[in-house]
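The block underneath contains the structure these notes are about, expressed in structure tokens.
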Amino acid sequence: MTGSEIKLETQNFDLYYGNFQALDDISLQIPANQVTAIIGPSGCGKSTFLRAFNRMNDLIPGVHTDGEISMEGENIFNMDVVALRRRVGMVFQRPNPFPKSIYDNVTYGPRVNGLRDRDKLDEIAERSLRGAALWDEVKDDLGKSGLALSGGQQQRLCIARALAVEPDVILMDEPASALDPIATLRIEELIRELKEDYTIVIVTHNMQQAGRVSDYTAFFYTDESRTGILVEFDNTKKIFTNPSDQRTEDYITGRFG
Amino acid sequence: MNEESEETMVNTTQDVAWQQTQSEAEAHLAKRRLTEKIAFGVLWAAGAVAVLVLIAVVGYVLLEGAQVIDWAFLTTRPKGGLSGEGGMSTTIVATIYLVGLTILIAAPLGVGAGIYLVEYAGEMQGTSGWQAHLISVIRFGVETLAGVPSIIFGLFGYALFVTTMKFGFSMIAAALSGACLVLPVIIRTTEEALLTVPRPYREGSLALGATQWQTNWRVVLPAAMPGIITGVVLSVGRIVSETAVFYVTLGGSYYMPPSPILHFRDFLTSGGRTMALHLYYLANDTAAFDKAMGTGAVLVVSIILINLAINYLSHRLNQSMRGEA
Amino acid sequence: MKLTYLVDRSIKYILLVCALLSVFILFLIAVFTLREGLEAFQTIGVGQMLSGTVWRPGQDQYGILAMILGSVLVTIGAIAIGVPFALGCAIFLAEVAPDNVRAIVRPAVELLAGIPSVVYGLVGMVVLVPMVRQIPVPGNSGYGLLSASIVLAVMILPTITNIAEDAIRAVPQSYREGAFALGSTHWQTITGVILPAARSGIIAGIILGVGRALGETMAMIMVIGNSVVLPKPLNDNPITIFLRQARTLTGNIAVEIGYATGVHESALFATGVILFMLIMLVNIAARMLMKERHA
Ligand SMILES: Nc1ncnc2c1ncn2[C@@H]1O[C@H](COP(=O)(O)OP(=O)(O)OP(=O)(O)O)[C@@H](O)[C@H]1O
Ligand SMILES: [Mg+2]
């Protein structure tokens, strides 16, 4: 990982849902302004891991953690969770626009963060929607409900909404899994553009997608005895062409998972 | 709409429209956290006040009531008159009688209606035409009836049972009016209870060659029984606390009603006074607030017991459902 | 075999009759109250009844405007006090309360719903009325719209709290997560996303609360003073109208039906018809809102 700056780092991180351990001793470093993909079989803890970075798991009763996660060297568990989430945005698997207008969806983040100036909000709305490659499709109808958009448009609206708060990191949990192939390609294209300005961590089930969009890949795994173990983390190219662990190779070549 | 290319828009961290400085962001967050603290404080207060109001009302009535409640108060009848002398024995008996008679009328009808709506109406929902229409009319009827205020049931009972049918102020007139009041309660809870019975139960029985009614009677109803009983107990609570309906249909006689076993006809046509009615007469027509509190205490204890029964039943219902899932 | 089939069929139709009974009762209620009220509507006139300010059955004057105003004012008062309180409880129960606290507050609210209205009336008479009497305004007896509004606010609290809590809980978790992920505090999430998404359910709860308030009878009779005079402010401060004694539509019926005869009796049934229509309107509005939410 030489040459690039580290944005997020986990050290011996464990997470438990009650008594069930869902992440087991994870240590890795997420480089800044790169796309890092997290892959692995279903139930291996990918979403759990992703949601650890913006402490979304705090919302689930009975969750507790061990070990450390830091952002730019600062322990995220010592930060105010609201401040953390402002810097670490998230796009969910199912598009979840609020039942509000497109404009209100996009400007929600800036407004809760205290921005009231209408002109600035307008500017942010346009910038974010452009950033999410949605502007041209909705610019004439910003008052329309976000729920009235197509699935792919809704997901881009959610990306725009995340961009509008100007985060450092964007977490994406299978952002294209509910979309058709064309919408998926648009999102992938978008992800490649966004990495110029953002650090992106993306969970995906789709090997090709991981190969297409990511610079680094982490392979998570679960077996009978343990869930949420990190098998391998490396350059995406290396993982896909010459993995050092047999399990990674088996998974990537489709032998299980 | 200035047409800038998307590339330049995306790659411009420098000319951001809105950049909060670290300290601005922190100050604003501190303000938001404070607002949140205050708001949540108010929400906690609302919850606490609800509990305190309950404790105050129940506690006050029980404490005040305890001063007049003794064995004699519970076992002698009211003496009448403007001072509210005497006990409340006959009102306890009248309440029990009225509850029994009302449930006897309402429960079979309500449960029957609930069974029809869940077990038979379903198969008709697909069929269009008058049958589907009929179901929606019935649903409208049940929902509307549930919203009718009790004094209207009283007025109706007075017009139909007390005067037109010449029952006079009587147990039967009051019970029929009360039955109309609790009918929607029983129908709804029966429906809910039946809907929780898993499909395979019915299919298993029907597959063995049982008719639909045999299936309902032997399989579905027993499985739904705790829920149905919950509805009935709920109705008991409604009747015990109801006053307006009985105020205009039951009269207010504080004598002991005739025994329903020995003198059934006399029992049906006799007037009476429930505990709730007695409380009202004491508080409003006499100045006997102490006796009213005593009556209120007995009333409140009954309601608490009924609520405990409901909680116990729905707890059991949940348990049995989880056990079978 | 044949017999079982026959039994099966006939039971089905018996059950259908049970189910139809609700509709039949509703029909009977409409027919009987209307029929009994018809005489009053004819001899007095609907307009005359609705706009008449004097209720004096002895002199054949049957204006119910004072009672309409009484019902409306006491409902407004109860809503003004009860809705913020009930919404606070609903948000508290759905979003804020830890499980063990919820396990206390939830049953408490349920029990509040179960307490008989005469008990509320009694406590109102003995505790609340003397407290309200302390308000130093000449003519204030303690009995009146304010006392009645407070009692009613507590009585409609469970209705509104229950429905609003359900509506809040029904808001998809994904909205909640979306708002948190954008850096809103929990309170901002509640006000900015959850409450707007639950709005129609909450409004339905409030409307049902209004229906309950309009229909409440005995507790009102006990604390409102039952004056048939058109309520007016006690002095030049308009808010003192709430210290005035009044009478509700429901109370009017209950207090007088026992001894009324002739046109007087008919006028009470006519009052019932008007009350019934008012409440039906309110309930249908609430039901349409609830349907919209489920759609
Ligand atoms: N709220 C929860 N409570 C308890 N256990 C949970 C919870 N959420 C997830 N788990 C468990 O934690 C493990 C990891 O779940 P997670 O959702 O992170 O997997 P995933 O890798 O994202 O799977 P998928 O690819 O199917 O989305 C699973 O065994 C799951 O059952
Ligand atoms: Mg997942």
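Taken together, the values in this text are just the output of simple stated rules run on the coordinates, not laboratory data. Bear in mind that the values here come from a model prediction, so they are computed numbers and not experimental data. All Cβ positions, even for glycine, are placed from backbone atoms using ideal geometry, and neighbour counts span all protein chains on display.
Residue-wise, which Karplus ³J(HN,Hα) couplings in Hz belong to region A:58-67, taking 6.51 cos²θ - 1.76 cosθ + 1.60, θ = phi - 60°, and x for glycine or proline?
Each residue's phi maps through the Karplus curve to give 4, 6, 8, x, x, 7, 9, 10, 10, x Hz.
Nothing charged except the Cβ atoms of Lys and Arg (+1) and of Asp and Glu (-1): what's the magnitude of the dipole of chain B about its Cα centre? Round to the nearest 20 debye.
1600
Work out from phi, with θ = phi - 60° and the Karplus expression 6.51 cos²θ - 1.76 cosθ + 1.60, the ³J(HN,Hα) of each residue of region C:136-147, listed in order in whole Hz, and give x for Gly and Pro.
x, 10, x, x, 7, 9, x, 6, x, 5, 5, 4
Search the structure for amide H atoms under 5 Å from the amide H of A:Ala37, placed 1.01 Å from N in the peptide plane, and list their residues when 5 or more places away or on another chain.
Close amide H contacts, sequence-distant or interchain: A:Ile202, A:Asp215, A:Tyr216, A:Thr217, A:Ala218.
What Kirkwood hydrodynamic radius, in Å, does region B:85-232 give when the mean of 1/r is taken over all pairs of distinct Cα atoms and then inverted?
This gives a value of 17.3 Å.
Mind running the shape call on region A:1-98? Use the C-alpha gyration tensor, a ≥ b ≥ c as the square roots of the eigenvalues: rounded below 1.5 for a/c, prolate if a/b tops b/c, oblate otherwise.
rounded
About its Cα centre, how strong a charge dipole does chain C have in debye, to the nearest 20, once Lys and Arg get +1 and Asp and Glu get -1 at the Cβ? Working shown, then result.
Values: 18 positive and 15 negative charges, 75 e Å.
Here chain C has a charge dipole of around 360 debye.
How far apart, in nanometres, would the label points at A:Ser42 and A:Ala178 be if each is projected 7 angstrom from Cα along the Cα-to-Cβ direction?
1.7
Gain in length, B:Ala66 to B:Ile96, computed as 0.36 nm per residue apart minus the alpha-carbon separation, to one decimal in nm?
So the extension gain works out to 8.6 nm.
Restricting to bridges with both residues inside the protein assembly as shown, how much of the DSSP beta-bridge set is antiparallel, in percent to the nearest 5?
DSSP beta bridges in the protein assembly as shown are roughly 60 percent antiparallel.
Suppose R0 equals 22 Å; then what is the FRET efficiency for A:Gln208 and A:Lys237 from their Cβ-Cβ distance, rounded to the nearest 0.05?
0.95
Defining a contact as two alpha carbons under 8 Å apart and six or more residues distant in sequence, what relative contact order in percent does region B:76-321 show?
After rounding, I find 28 percent.
Counting pairs of alpha carbon atoms under 8 Å apart in space and at least six apart in sequence, what relative contact order in percent does region A:194-257 give?
Value for region A:194-257: 23 percent.
Measure nothing but the geometry: give the 0 to 90° angle between the long axis through the Cα atoms of B:22-66 and the longest principal axis through the Cα atoms of chain B, rounded to 10°.
10
Sticking to Cα atoms, compute the Rg of the protein assembly as shown to one decimal and its Dmax as the biggest Cα-Cα distance, whole number, in Å.
Looking at the protein assembly as shown, its Cα Rg and Dmax stand at 33.2, 104 Å.
How long is the gain from B:Ile38 to B:Met225 if the chain were fully straight, where each residue apart is worth 0.36 nm and the alpha carbon distance is subtracted? Show your work: numbers first, answer last.
Values: separation 187, 0.36 × 187 = 67.32 nm, distance 4.66 nm.
Taking 0.36 nm per residue and subtracting the Cα distance, the gain is 62.7 nm.
Output needed for chain B: three equivalent-ellipsoid semi-axes, defined as square roots of 5 times the C-alpha gyration tensor eigenvalues, in descending order, whole Å.
50, 35, 20
Let me know the charge dipole size of region A:3-252 about its Cα centre in debye, to the nearest 20, where only the beta-carbon of Lys, Arg (+1) and Asp, Glu (-1) is charged.
So the magnitude is around 740 debye.
When only Cα pairs under 8 Å and 6 or more residues apart are kept, what is the percent relative contact order across region B:196-307?
Relative contact order here is 22 percent.
Net charge within 11 Å of B:Phe40 by Cβ-Cβ distance, Lys/Arg positive one each and Asp/Glu negative one each, not counting B:Phe40 itself? If you can, show how the numbers build up before the last one.
Working: positive: B:Arg33, B:Lys37; negative: B:Glu36, C:Glu95.
Result for the neighbourhood of B:Phe40: 0.
With each label point set 7 Å from Cα along the Cα-Cβ vector, what nm distance links C:Val137 and B:Leu74?
Placing both labels 7 Å along Cα→Cβ, they lie 4.5 nm apart.
Once amide H atoms are built 1.01 Å from N in the peptide plane, which residues 5 or more positions from A:Ile30, or in another chain, come under 5 Å H to H?
So A:Ile30 has HN proximity to A:Lys7, A:Leu8, A:Glu9, A:Thr10.
Need one number: convex hull volume per residue for chain C, Cα atoms only, in Å³.
214
Tell me, what HN-Hα J-couplings in whole Hz come from the Karplus equation 6.51 cos²θ - 1.76 cosθ + 1.60 at θ = phi - 60° for each residue of region C:9-24, using x for Gly and Pro?
Here the 3J(HN,Hα) series is 4, 5, 4, 4, 6, 4, 5, 4, 4, 4, 5, 6, 4, 4, 5, 5 Hz.
222 nm [θ] for chain B, helices only, -39500 (n - 2.57) per DSSP H run of 4+, per residue, to 500?
Value at 222 nm, helices only: -23000 deg cm²/dmol.
If the reach is capped at under 17 angstrom between alpha carbons, list the lysines near B:Lys79, excluding any in the same chain fewer than eight residues apart.
Once the sequence-local lysines are set aside, what remains near B:Lys79 is B:Lys291.
For region C:1-79, build the charge dipole from Cβ charges (+1 Lys, Arg; -1 Asp, Glu) around the Cα centre, then report which of C:Ile64, C:Val46, C:Ala19 sits farthest towards its positive end.
Working it through, the farthest residue towards the positive pole turns out to be C:Ala19.
What number does region A:3-252 give for Rg over Rh if you use C-alpha atoms and the Kirkwood radius?
0.97
Note down the nm distance, to one decimal, between modelled labels 7 Å out along Cα→Cβ at A:Ala148 and at B:Tyr312.
5.6
Amide H to amide H under 5 Å from A:Ala132: which residues, 5+ apart in sequence or cross-chain, H placed 1.01 Å off N in plane?
Hits under the 5 Å cutoff: none.
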